[in-house]
Amino acid sequence: MRRTIVTATLLMASGAAFAADQEIQFDFQGIDIQAQNASGVNSAFGGQLHTGFLNVTGGGMLGATLDVTEDRSGLPTAELGLGEMNDFMFTLSIELLEGIVTGGDLTLTSGSDIYTASLIPGAAIREGLRGGAPFSLSAATDQGVFSNDTFAGLDVSSFDLAGGVDGLFRAFEYRPNASGFDGQADLEVIAFVPSPGTLSLLAAGGLIVARRRRA
């Protein structure tokens with residue numbers, strides 16, 4: 001079953017002067033990923049040395065939750081608000097050269113609200129602990145732009161920065177069949193207004209909300 005969880009988190013950095021981080025996280029389950037060769041033709045997935053594309057798509061009319069929380073450096077998390085995302089469309093084409101990301105653009109749409117961002121080159125496809133599937137990918141993003149001051153009912157006006165916002169794209173448990181297709185992939189898309197050093201912490205998983213494993 002396809003599910004989408006939308007989480008917005010306000011993170012407060014520790015220290016004498018608190019620097020506020022605002023983060024919105026989209027958690028997708030049951031998304032389609034199709035491998036393509038360098039000519040853009042559907043193909044088997046080449047693992048950690050794949051050259052070509054990964055086309056990531058998903059959408060539907062379904063309920064989703066939006067949870068706004070506040071984290072104050074180890075103190076109990078306070079819930080600040082709830083919301084819903086009732087429909088979405090997600091598209092992303094990841095360009096790969098021998099398993100290394102060379103580019104890609106993602107678009108997430110919910111009603112009239114749109115979020116777009118670009119993948120930063122350099123991230124690598126990773127194999128599972130025992131080699132092979134499930135494959136995963138974690139890539140930083142930049143030039144993130146929301147089309148409106150709200151997204152799925154959430155105020156995202158603070159994300160309106162010159163040049164766009166940074167973020168992350170993470171694909172979990174990509175299990176391609178012989179034709180390079182998986183219709184049950186798990187994804188996360190994160191956008192945030194960071195204080196210095198936040199991107200490296202997020203990439204390491206230190207500030208990312210725990211993902212939900214595939215059933």
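Which one is nearest to ARG170 (Cα to Cα), of the residues in the stretch 112-126 that are part of a loop (DSSP other than H, G, I, E, B) and touching a residue at least 24 places away in the same chain (Cβ under 8 Å)?
Looking only at the stretch 112-126, we keep the residues that are part of a loop (DSSP other than H, G, I, E, B), and these are 112, 120-123, 125.
Then keep just the ones that are touching a residue at least 24 places away in the same chain (Cβ under 8 Å); that gives 112, 125.
Working: SER112: 24, ILE125: 11 Å.
Looking at the filtered set, the residue picked out is ILE125.
Take the residues in the stretch 9-40 that are in a loop (DSSP other than H, G, I, E, B), at pLDDT 50 or above and on the phi < 0 side of the Ramachandran plot, then tell me which one is surrounded by the fewest Cβ atoms within 10 Å (Cβ to Cβ).
First pass over the stretch 9-40, keeping only residues in a loop (DSSP other than H, G, I, E, B): 13-19, 37-40.
Next, only the ones that are at pLDDT 50 or above stay: 37-40.
Cutting the leftovers down to on the phi < 0 side of the Ramachandran plot gives us 37-39.
Values: ASN37: 15, ALA38: 13, SER39: 8.
Top of the filtered list is SER39.
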* Just wondering, is there one or more residues in the stretch 84-95 that are more than 19 Å from GLY183 (Cβ to Cβ) and modelled with pLDDT of 95 or more? -> yes
* Out of all the residues in the stretch 154-161, is one or more surrounded by 15 or more Cβ atoms within 10 Å (Cβ to Cβ), polar (S, T, N, Q), in contact (Cβ under 8 Å) with a residue 24 or more places away in the chain and more than 19 Å from GLY47 (Cα to Cα)? -> no
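Would you pick out the residues in the stretch 127-144 that are assigned to a strand (DSSP E or B) and crowded, with 16+ Cβ neighbours inside 10 Å? So that I can check it myself, show each step before the final result.
First, pick out the residues of the stretch 127-144 that are assigned to a strand (DSSP E or B): 135-144.
Scanning the stretch 127-144 gives PHE135, SER136, LEU137, SER138, ALA139, ALA140, THR141, GLY144.
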* To do: Would you check which residues across the stretch 149-168 are closer than 19 Å to ASP87 by Cβ and in a loop (DSSP other than H, G, I, E, B) and list them?
  => ALA152, GLY153, VAL156
* **Checklist (1) of a type outside the set (Lys, Arg); (2) surrounded by fewer than 17 Cβ atoms within 10 Å (Cβ to Cβ); (3) at negative phi; (4) modelled with pLDDT under 90 applied to THR102, failing item** => (4)
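The values are calculated or read from the model by the stated rules, or taken from the named source; none is laboratory data. Bear in mind that the values here come from a model prediction, so they are computed numbers and not experimental data. Backbone-built Cβ (ideal geometry, glycine too); neighbour counts: all protein chains shown.
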